[in-house]
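Reviewing the structure listed below.
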Amino acid sequence: MKEFTMKNLISIGDLTKDEIFEILQLAIRLKGERSKGIFPNGLEHKTLGMIFEKPSTRTRTAFEVAVVELGGYPIYLNWNDLQLGRGETTADTARVLSRYLSCIIMRANSHSTIIDMVKNASVPVINALSDIEHPCQLLADLMTIYEKKGALSGMKLAWIGDGNNVCNSAILSCALMGMSVDVACPPGYEPNGEILRRGQQLSAVRILRDPLEAASAADILYTDAWVSMGDEAASALRARAFSAYRIDSKVLDAAKSDAIVLHCLPAHRGQEITDEVMDGPHSAVFDQAENRLHAHKALLLKLLC
C-alpha cells in the first residue's frame, strides 16, 4: 500500500487532495467488500488505544468495529479511568502508551492536548475530535458526497448554524477538494479565523448571515447541533442566537432540486433540523453515519500499513 506523507491525522489539512481521494476510493472499496463478507486483515497483531475525554456514539463504535474487522484489537481508554484524569501529564502518558500501542486515537476537550500527544508519542495519533477540528468526520462526509454526487470539485456546500469544529474541518476539506462553501451563522459564532483564511486561499468560502442566501443553488446542506459538547452552560443563549438557523423545508427549497442534507449527529430534532427534512428523501444523514466505519477503516489502513 502506498505510504502517506503524513504520519498523524490532526487536521484534515494534514492530507493532500490526492491522499483524500485515495482514502475515499479505498473506503468505497472496503464498503463493497464488507457487503460481501470480505474483511482484510491489515491490522493483524496491532493494538490501538482510544483515549476519549468526551462522550461518543459514532466515532467510538466506528473505530472499534473498524479495528476488529481489520484484524486488530481496540482498547477503549476513558479519560477518567486513566491517570490523565488524576493529573498525569499528556507527555508522560504518550511516552508510555507508545510502548504498548500501534496507534493512539484521541478525543479531547482541547486541541492543544492532542498536539501534546503528537509531540510526545512515537506512534501515529488520530484526532477523533477536538474543539478546533473533527477530521475523521469529514472523511465520511466527503465519501457520502462523492457517492451521492459522483464528484466533489465544483460542488457547493452550505453550512447552516454554528461555525464549530466540524464546520472548520468542512471548510478546509471542501476547499481543498475544489468545492465552494457558504457558512450562514449569527455574529459571534463564525468559524476559526485562521482556518477560514486557509480555506479562502484554496476556494470560494464566504461567511453570510442569511441561511436562504447560503442555501441558494447549494448541492449539499449541512448542519450540526446548536449546542456542542462543552457549550451546555450557554444553551439558552445559543438557542436564541440560532433560532433562525435551521434546515427546514424553506431552506431546502432554496437549494438545488437534487440537494442532499447532512448532519454529523447527534441531532436535536426541531432545533437545527426538522423531522421533515431529516427523514425526507434528500437526507443522507444515516448513509453519512454508516460511512464513518468505512472511512475510518481506510484511514487506519493508509496510516498503519
*the range 95-108 residues that are in the same structural domain as residue 53 (by TED's automatic domain parsing), paired with ones that are modelled with pLDDT under 95 and assigned to a loop (DSSP other than H, G, I, E, B) (beta carbon under 6 Å, 6 or more apart)*: 107/54
*Of all residues in the range 120-147, which are over 13 Å from the mean Cα position of the chain (by Cα) and not assigned by TED's automatic domain parsing to the domain that holds residue 96?*
145, 146, 147
_Candidates 280, 230, filtered to the one that is small (Gly, Ala, Ser) and either surrounded by 19 or more Cβ atoms within 10 Å (Cβ to Cβ) or under 30 Å from residue 103 (Cα atoms) (or both)_ = 230
*Give the range 60-104 a look and list any residue that's touching a Phe, Trp or Tyr at 6+ places or on another chain (Cβ under 8 Å) and closer than 22 Å to residue 292 by Cα, or say none.*
60, 64, 67, 69, 70, 71, 74, 76, 77, 78
_Against the definition (surrounded by fewer than 24 Cβ atoms within 10 Å (Cβ to Cβ), closer than 20 Å to residue 291 by Cα and either out of contact with any Phe, Trp or Tyr (no Cβ under 7 Å at 6 or more places or on another chain) or outside the structural domain of residue 187 (by TED's automatic domain parsing) (or both)), how does residue 150 come out, yes or no?_
yes
*What about residue 47, is it surrounded by 16 or more Cβ atoms within 10 Å (Cβ to Cβ), of a type outside the set (A, V, I, L, M, F, W, C) and in contact (Cβ under 8 Å) with a residue 40 or more places away in the chain?*
no
*Please work out if residue 252 is modelled with pLDDT of 95 or more, assigned to a helix (DSSP H, G or I), crowded, with 17+ Cβ neighbours inside 10 Å and not aromatic (Phe, Trp, Tyr).*
yes
*When you go through (1) part of a strand (DSSP E or B); (2) small (Gly, Ala, Ser); (3) under 23 Å from residue 303 (Cβ atoms) one by one for residue 158, which number turns out not to apply?*
(3)
*Listed residues 69, 53, 22; which is surrounded by 13 or more Cβ atoms within 10 Å (Cβ to Cβ) and over 16 Å from residue 304 (Cβ atoms)?*
53
*asked:* Between 131, 219, 224, which is touching a helix residue (DSSP H, G or I) at 6+ places or on another chain (Cβ under 6 Å), in contact (Cβ under 8 Å) with a residue 60 or more places away in the chain and within 19 Å of residue 282 (Cα to Cα)?
replied: 224
*asked:* As an exercise: evaluate residue 171 against (1) among the β-branched types (Val, Ile, Thr); (2) touching a residue at least 60 places away in the same chain (Cβ under 8 Å); (3) touching a helix residue (DSSP H, G or I) at 6+ places or on another chain (Cβ under 7 Å) and give the number of the one condition it does not meet.
replied: (2)
*Out of curiosity, is residue 110 more than 30 Å from residue 75 (Cα to Cα) and of a type in the set (Gly, Ala, Ser)?*
no
*Which one is nearest to residue 68 (Cα to Cα) among residues in the range 265-305 that are among the charged types (D, E, K, R) and outside any helix (DSSP H, G or I)?*
279
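The values are calculated or read from the model by the stated rules, or taken from the named source; none is laboratory data. Nothing here was measured: the structure is a model prediction, and the numbers come from that model. Quick reminder, even Gly has a Cβ in these numbers, built from the backbone with ideal geometry, and neighbours come from all protein chains shown.
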